[in-house]
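Here the structure comes first, spelled out in structure tokens, and everything after it is commentary.
The values are calculated or read from the model by the stated rules, or taken from the named source; none is laboratory data. Quantities reported herein were computed from a predicted structural model and do not represent experimental measurements. All Cβ positions, even for glycine, are placed from backbone atoms using ideal geometry, and neighbour counts span all protein chains on display.
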């Protein structure tokens with residue numbers, strides 16, 4: 001009985017084509033100012049809306065239509081980032 005379950009804890013051998021290609025992920029540089037700036041922006045947006053970003057769609061579904069302004073602002077911010085991405089220091 002124990003032998004039956006012991007095979008589940010072992011990783012299967014990698015076979016070409018069965019699990020896709022191996023991924024090469026390069027580590028990013030730990031840049032404290034970049035992370036602080038992004039975290040502060042995210043936190044301020046969260047604080048100004050008074051809602052966690054995840055449940056915004058639920059709030060919209062409940063009929064709280066002012067949340068649409070928050071969602072549209074997020075979409076607009078994503079668009080602006082896409083336009084300015086090449087000019088920003090990454």
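Worth a mention:
- Filter pass, residue 40 being surrounded by 10 or more Cβ atoms within 10 Å (Cβ to Cβ), more than 17 Å from the chain's Cα centre (by Cα) and without any contact (Cβ under 8 Å) to a residue 24 or more places away in the chain: no
- If you go through segment 53-90 and pick out every residue that is touching a helix residue (DSSP H, G or I) at 6+ places or on another chain (Cβ under 7 Å) and exposed (fewer than 12 other Cβ atoms within 10 Å of the Cβ), you end up with 0.
- Segments classed as helices (runs of 4 or more DSSP H), wholly inside the chain, with at least 3 members that are at pLDDT 80 or above: 32-49, 56-61, 67-84
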